[in-house]
Amino acid sequence: MASSILSRMFRRKAKPKVEQLRDVETIKRRRLNAVIGIAVGLATLPLVALYLLLALSSFADRIVTGPDIIEAEYSTTNWKLLFQGKLEPAAGRLYDLRELIMIIVNTFIVALGVTVAVVLISVMAGYAFSRMKFRGRVGLMEFIILLHAFPGVALIIAVYAIYVWSLGAVPKDVLTEYRFLYTILARASLEIPMSIWLMKGFFDRIPWEVEWSAMVDGASRIRVWRQIVLPQIKPGIAAISIFAFLAGWEDLIYVHVFLYTGGIKTLATFLEEVIGNIETTYLPIAAAAGTLYLIPTIVFFVLTQKLLLEAMSGGVKA
Amino acid sequence: MVEVRLERVSKRFGRVVAVNNVNLQFPDGKFSALLGPSGSGKSTILYLIAGIYKPTLGKILFGDRDVTELPPKDRNVGLVFQNYALYPHMTVYDNIAFPLRLKKIDENAINDKVNNVSKLLRIQDLLERYPHQLSGGQQQRVALARALVKEPEVLLLDEPLSNLDALLRLTIRAEIKRLQQKLEITAIHVTHDQAEAMSMADYIAVIDRGSVQQVGSPWEVYNKPRNLFVATFMGSPPSNVLPGRIVRENGIWIDVGGSMVKPPERMVELLRESELDDVIVAFRPEHASIVKEPEEGYISIPAEVFVTEPLGRESIVTAMVGGSSVKVLMPPEAEFKPGESVYIQIQPDKLMLFDPITELNIEVARPGKS
Amino acid sequence: MRIPKPNPIWFFLSPALFLIIVFYVVPLFFSIYISFTPLQNWNLARYLDQISLENYERLFYMAMNDPDVTKVVKTTIVFVTITLIFNVLGGLILALSMFFMDESLSLPYRLIWILPRMTPIAVYSLIWYYFFLGDESGTLNSLLLRLGVIEKPLAWGNSPELLPESAWAIIILVNGLVGVSFGMVVFYSALRSLPREHVIAARVEGASAFQMTRYVLVPQLKWHIIYVTVWQLLSLITTYAHIFLLVQWGAIDKWWGSPWALYVFNTAFTTSDQGFAAAAAVILVVIGGILGILVLRLMGFKKLMQEPKGEL
């Protein structure tokens, strides 16, 4: 089943039919193409260079800046030191391998937690908004879209105050779990409005007749949703999952506010701390840590390029 | 105005051959139609003439001028798209003026030309409106006006009527035809609707699978189809097709669904010369009738009535011959019961025979006379 | 003969409603409430019953008179204005360039331009940290030293002789590169969804790329441009994540590098003066609310909500 989702997600667009209108061929646009291509290329180059320099620095004995690419010496030392936890003098203290792995695991917990929460909640609510009549449906959807535009981060003071207040009531032995749960739900709630809206769009595309026939046969609403409708929106779920994962993975502010203050580190706050102790930091190891943190993003990015571009523009219709 | 010629033109998109070695001639000042099913390559041919596509092989000539490499604006063609492609943010006036403004023509001259062409198309009162405020037929006229405003030598129409409702289509058909005759412009019209092509065009080129199947007047294409495709594509309902076996005993006979049929005199010699074992027998629904007893002077084939569909002005009777079904147009008062044994009686002069391998009409496409 | 069943709508909606209430509705009112209290150090038990307008008075006074807060106000205005122009125009130029390019060529470009948005914020900050690093190992210093433009390394984000313009330039660049992709993607997909015949018809008439842009493409993007502008304005006023670490790490000046939103965050979580920070945040909430409603109108919301067919 997983493979079929993947193949559907990653399937290349079908070749255009012959009858579909193509661009004018008799006008020579090679020059225009070249001029624009080179201009955009020149504008894009520095951006690419900065990412490449980061990756290169993670293997070098210094932070490479461009002209010194040849002078620097390359080895895997930085990566070895990183994984041995020998960040001294980088982080002002020693990490051991276990701690480093925990940091990576924590980052995954947050990212996957956000993914699960966002997908589950938006699939359910998206279905209700697409298929069910209830009083205040339009008003509520409008409110949710408003929340999407609304700056959720502006509320973080109150969200944190509620967190502080609630911590007192949480038993000590599940405190860590509670911290993760709150972080995940708080971060997920930023993504929820947009995800519900996108999910509603995916549900809108499924023909009603399928559902009607199942209900005529006597299936309950919830059963229809689970067995008939959900399998048809797998590509939509995949798109939302990727977005939610990347959102959870890249996050800095929420893990800083809700986890770091409780002594739980993720890759983001780990980097924050390493560079924060700048006097003692050996920057190339930080470059290795940064590259490590970047890898899952790049992998997702390359695998789902078109989906990503489509979903990014999917929120807007004119 | 100008004659348009395609000389051995082929167009490939990647591995797909959209147009295959086409020779065509569109006479000066006449209305020609490119007729074919969707995906046949007829639109591609139009876009090749417009200069949107460049042929992979071959030459395109406007009169003596080789335009193969020229971009559209240097060909002096007017093009009307299927969806009209009117700019939604411009008024009708600005839409029509747009081609002239790109040429940096003086505004007064533009004004005159726009007014002239809108008078011609009877849209003077719509100039201040936006496309979304117009009906389909009005949009169609604006699109025509935009194509005609720069006084092109060739007018290219890509299924311009397919977005209109059936009644409006009839009106606009007549309108376009009137306009073309008045301007004496070379017009090329792409359509999949054979009735449209028949009613509008002076010449029809039937296209299928990227190749020209037949070129001729509407009468020729309808009555003398060069091959089986043309025979079955034209007409509604299309020609009936029955497989036959040639029996060379006591002269020449054709075995159609188990009964022996004597071919008309004019075909006997042709069949004798050919060494065909099988042949495809075809005839149009209006060239046959259904009778209970066979009459002299007709070709009769025993059949069994399957169903009668009354259409008011006439009835279509479907009958079975062997395993094949045959449709015949009958007067509305004709009454047959399903399962009734009857004879299909074909006018001998209207019978068509096709070579089952080459699918060519054995009369029209005799070797050396194609 | 109907058997009453639990309403399935609640099954489907309650998780979403729960999150929205806990993380939007309650915090919204709570923020406003906190802004009237002198809350400090998250000591809810001690401060929450002292209601006064003091925070707002103080906020107003400081915005006018406190040298640091006036820096923040100026920074916010400059940052939001210039980054907004950069984002909308840059997005439009990128989208048009991509549109005139072959699709196979534009795909990698488009991907690269949305990379900053997708990059973990800490890594993105790290990249710019290296770039503007104040000693000779910083990329910019190292390049300029080699080219002979400067003689000794400069602390780009906080050396007094370069402030405030240098700090502004850095935060505008860092955020601009993240924001520009939004306009690019929206405009590009809008351009691609214009009927192909519009472009071809214009080419058939001999329109150049410039004429096509001027007369055919940009006029049809009018609503998208307004939409992107409002949306970007909203996010520029309220986001701070991409600058947060650069200030934290000392790469840019604490005041000249802080727009209002970051100032709010640092006041609450670093200075630990939450009552005052909440008052500053309420301003953001109000602006966010107004612009949000505007965005909603621009999206033509009502048209997008079709009624479900029949009741099941």
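Read-outs: derived from the displayed coordinates by stated rules, not from any lab. For clarity, every value in this text was computed on a predicted model and none was experimentally measured. As a convention, Cβ positions derive from the backbone with ideal geometry for all residues, glycine included, and neighbour counts pool all protein chains shown.
The sum of -39500 (n - 2.57) across all DSSP H runs of n ≥ 4, divided by the residue count of the protein assembly as shown, sets its helix-only mean residue ellipticity at 222 nm to -16500 deg cm²/dmol. Set the Förster distance to 51 Å, then compute FRET efficiency between C:E54 and C:L89 from the Cβ-Cβ distance, nearest 0.05. The value I calculate is 0.75.
Relative to one another, the C-alpha centroids of the stretch A:89-161 and the stretch B:76-91 are positioned 48 Å apart.
Of B:K42/B:K150; A:K28/B:K104; B:K54/C:K222, which sit over 28 Å apart, Cα to Cα? Too far apart for the 28 Å limit: B:K54/C:K222. Label separation (C:A45 vs A:L42): 6.6 nm, computed from points 7 Å beyond Cα along the C-beta direction. Annotation: amide H of C:L133 within the under-5 Å range of C:T139, C:L140, sequence separation 5 or more or interchain, hydrogens built in the peptide plane. Between A:S213 and B:R313, the modelled labels are 3.9 nm apart [label points 7 Å from Cα along Cα→Cβ]. Normalising the average separation of contacting C-alpha pairs (under 8 angstrom, six or more residues apart) by the number of residues puts the relative contact order of the stretch B:146-254 at 16 percent.
Bridge orientation summary for the protein assembly as shown: considering DSSP beta bridges with both residues in this region, about 75 percent are antiparallel. In summary, the convex hull built on the alpha carbon positions of the protein assembly as shown has an orientation-averaged projected area of 56.2 nm². Distance between the 7 Å Cα→Cβ label points at A:I295 and C:L107: 2.6 nm.
Of the DSSP H helices in chain B, those that are both long (alpha-carbon extent of 24 Å or more along the helix axis) and hydrophobic (Kyte-Doolittle mean at least -0.5) are B:166-183.
Hey, how many Å between the Cα centroid of the stretch C:196-256 and the Cα centroid of the stretch A:47-66? For the stretch C:196-256 versus the stretch A:47-66, the Cα centre distance is 29 Å. Roughly how far apart, in whole Å, are the Cα centres of the stretch B:101-117 and the stretch A:283-311? One Cα centre to the other: 56 Å. Working note: Karplus 6.51/-1.76/1.60 with θ = phi - 60° gives the stretch C:238-253 the couplings 9, 9, 8, 4, 6, 9, 3, 6, 4, 6, 4, 7, x, 6, 10, 4 Hz, where Gly and Pro are set to x.
Counting other Cβ atoms within 10 Å as a rough exposure proxy, the listed residues B:S236, A:S58, B:S32 run B:S236, B:S32, A:S58 from fewest neighbours to most. Using the Cβ-Cβ distance between C:L143 and A:V116 with R0 set to 45 Å, the FRET efficiency works out to roughly 0.50.
For the peptide C:127-137, the mean number of other protein chain Cβ atoms found within 10 angstrom of a residue's Cβ is 4. Ordering A:T76, A:T269 from the fewest to the most neighbouring beta carbons within 10 Å gives A:T76, A:T269. Of the residues B:E184, A:E273, the one with the fewest other Cβ atoms within 10 Å heads the list, and the complete ranking is B:E184, A:E273. Partner shielding of A:118-129 amounts to 4, given as the average count of beta-carbon atoms from other chains within 10 Å of each residue beta-carbon. Note that the stretch B:290-299 has calculated 3J(HN,Hα) couplings of 10, 10, 7, 10, x, 10, 5, x, 10, 8 Hz, one per residue in order, obtained from phi through the Karplus relation 6.51 cos²θ - 1.76 cosθ + 1.60 (θ = phi - 60°); glycine and proline are x.
Over all pairs of different C-alpha atoms in the stretch C:48-160, the reciprocal of the mean inverse distance, the Kirkwood hydrodynamic radius, equals 18.6 Å. Does anything in the stretch B:286-318 have its amide N under 12 Å from the 7 Å Cα→Cβ label point of B:K350, and if so which residues? Only B:286-290, B:299 fall inside the zone, counting backbone N under 12 Å. Can you tell me the FRET efficiency between C:I77 and C:S159 if r is taken as the Cβ-Cβ distance and R0 is 22 Å, rounded to the nearest 0.05? Calculated transfer efficiency: 0.45. In sequence order, the stretch C:283-288 has phi-based couplings of 4, 4, 4, 5, 4, x Hz under the Karplus curve 6.51 cos²θ - 1.76 cosθ + 1.60, θ = phi - 60°, and Gly or Pro positions carry x.
Using the alpha-carbon positions of chain B, Rg (one decimal) and Dmax (whole number) come out as 24.7, 82 Å. Inter-chain neighbour count for B:81-90: the average number of beta-carbon atoms from partner chains within 10 Å of each residue's beta-carbon is 6.
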